[in-house]
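> Dropping a structure here in structure tokens format, bear with me for questions.
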Amino acid sequence: MSGPLDGVRILDLTHVVMGPYATQLMADQGADVIMIESPTGLDANRVLGGGPHEQLAGMALNILRNKRSVALDLKSDEGRAAMRKLIATADVLLAALRPSALERLGLDYESVRAIKPDLIYCQAQGFPMDSEQRDAAAYDDVIQAASGMTSLTQRAFGKRSLVPTVVADKVSGVKIAQAVSAALFQRERTGQGTHIEVAMTRATTAFLLVEHATLGITEPPMGDWGYQRILMPAREPHKTSDGYLHVLPYTPKNYDDLFGTVDWPELRDRSRYETHAAMSTNGDTLYPDISRVLATRTTAEWTQFCTEHSIPAAEVRAMEDLIAEFPIEQHPVVGGYRVIESGARFNGERTVVRRHAPLLGEHTEEILGSLE
């Protein structure tokens, strides 16, 4: 299967995780992604966390798959000339440099549109273009703080802390991939190019406020922000008699079935959980009640019970076990590695590795030679 983005050429002028994750999604869907990398120094995603090769950390094996690499010095006349030729062949340019840097390099939208009027130009940075921080350095930790994410951890756990994954980078990457795909669809109908801006702070805040705006979204506010059930400190996997299981009864019948397994007078009053609003309001008792009930049986017994009664539940699984479920591919330089699927399948097809993660500049001669 060639993929829905087969025939689309994307120039990837990004680094670290946000942009490369976006282009990984599109590369897996068939796009010809050409990474524009500096000939001196390695991008962080090639080295972070270590790995089997000095240019290919474990993260790079997946985030750079299905892409080609061109090494260009964009500060040189020769490098800029080559970049202009590449732009003329491209459908999309994704840039994650500071706006002032793009202007200095002649890679701002107006300059690029003069070369390719129908180009989809996506500009991604930490803060909005219309803010005073448009040129500020930004990484995931900074955006978690600036987007309101750390205030969620304060509400839930009484401590301002960071989520243990680069969630702002990845959420923004998904937004980029979706916006670019929408712009390509629009161009098919109108023939027109588009300028897209994705600011990590706005993308991440919007992501958080899907459920957490609540009563704070009206003007004037009707109450405080925050989806109370999710902010409960007791919202965590429950201990069974021999392990851990997360159970989330979601309907009054789910609660009747679950709490009906014990004959405890305090659980006979179902009014606390008879509607979604009541569940949210009474979250301070909901999770402790579930935990007390789950402690009466084994994980296997509860898993079977929940399956039979259509109660959402899952055993807590170890990351090493999940990694082991992904298929193994053989990289020509580093050998075997696990291919972490992007999450979307088309016609049931698994992620196809057309190209393994390249070394720095591996395709420079191939691609630049084709422009002559």
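The values are calculated or read from the model by the stated rules, or taken from the named source; none is laboratory data. Keep in mind it's a predicted model, so treat the numbers as computed, not measured. Positions of Cβ are backbone-derived with ideal geometry, glycine not excepted, and every protein chain shown enters the neighbour counts. Calculation scope for accessible area: heavy atoms of the full protein, side chains included, ligands and nucleic acids excluded. Shrake-Rupley method; radii C 1.70, N 1.55, O 1.52, S 1.80 Å.
> For the subset of segment 138-172 comprising residues that are open to solvent by 50 Å² or more (accessible area, probe 1.4 Å) and in contact (Cβ under 8 Å) with a residue 24 or more places away in the chain, which member is farthest from the chain's Cα centre (by Cα)?
Ranking the candidates gives GLY158 first.
> Moving on. For segment 4-27, indicate whether the set of residues that are free of Cβ contacts under 8 Å to residues at least 40 places away in the same chain and within 21 Å of ILE340 (Cα to Cα) is non-empty.
yes
> Taking into account only those residues within segment 203-242 that are more than 26 Å from SER172 (Cβ to Cβ) and among the basic types (Lys, Arg), which is surrounded by the most Cβ atoms within 10 Å (Cβ to Cβ)?
ARG229
> So, in segment 75-121, exactly how many residues are open to solvent by less than 50 Å² (accessible area, probe 1.4 Å) and either outside any loop (DSSP other than H, G, I, E, B) or among the small types (Gly, Ala, Ser) (or both)?
The number of residues fulfilling the criteria is 23.
> If you go through segment 183-202 one residue at a time, do you hit one that is surrounded by fewer than 17 Cβ atoms within 10 Å (Cβ to Cβ), free of Cβ contacts under 8 Å to residues at least 24 places away in the same chain and within 28 Å of ALA136 (Cβ to Cβ)?
No, because not a single residue in segment 183-202 is surrounded by fewer than 17 Cβ atoms within 10 Å (Cβ to Cβ), free of Cβ contacts under 8 Å to residues at least 24 places away in the same chain and within 28 Å of ALA136 (Cβ to Cβ).
> While we're looking at this one, here's another question. Of all residues in segment 240-263, which are closer than 30 Å to ALA318 by Cα, in a helix (DSSP H, G or I) and free of Cβ contacts under 8 Å to residues at least 24 places away in the same chain?
TYR255
> Would you tally the residues in segment 154-190 being over 24 Å from ILE230 (Cβ atoms) and either charged (D, E, K, R) or at pLDDT below 95 (or both)?
3
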